[in-house]
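This report concerns only the one structure given below.
Quick note: the coordinates plus some simple rules give every number you see, no bench work behind them. All of these numbers come straight from a predicted model, not from anything done at the bench. Every residue, glycine as well, gets a Cβ built from its backbone with ideal geometry; the counts of neighbours run over all protein chains shown.
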Amino acid sequence: MSDTNEMSPVKVAEILDAAAAHIDRVGWLQEDYYAADLPPTDCRVCAMGAINVAMFGHPFPPEDSHAYAVTCDLGDLVLEHLGVLGLDLAAWNDEPHRTQDDVTGALRETAAQLRHPATTDPAEETS
């Protein structure tokens, strides 16, 4: 497992898009990484559980501390995109007003931003 600094922005974007697609396929969950009512690859998941599926093929938090740190770094990228401070992605996912569309939208928007970072138009700077 490599560190997010060693992953290309496109690779990180692919992981986030795959996480959103997984939630679309199986459903979304709050208060846990995954629902144990179905096989792990077919049960509802939270944002972090979906990232784990995209990275490792299962929703369980990685036991390896380095791999766990990488998944947390991906969550931090999503929160950075949203401008959210003071939470981790699991806590943001679990906020009572949060919706599945909020979660999948944030994952996809962050992926799009990673693929196409905003560029500053020099003409705008002089305005």
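Extension gain, H97 to D37, is 19.2 nm, computed as 0.36 nm per intervening residue step minus the present C-alpha separation. Only the Cβ atoms of Lys and Arg (+1) and of Asp and Glu (-1) were treated as charged; on that basis the dipole of the range 12-81 about its Cα centre amounts to roughly 160 debye. Between V84 and S65, full extension at 0.36 nm per residue minus the direct alpha carbon distance yields a gain of 4.4 nm.
Farthest towards the positive end of the charge dipole of the chain, among the residues T104, A36, G86, is the Cα of A36, using unit charges on the Cβ of Lys, Arg, Asp and Glu.
Between H97, H81, H58, the GNM of the chain built on Cα springs shorter than 10 angstrom shows H97 fluctuating the most. Across E80, E31, E63, mean-square fluctuation computed from a Gaussian network of the chain (C-alpha pairs under 10 Å connected) peaks at E63.
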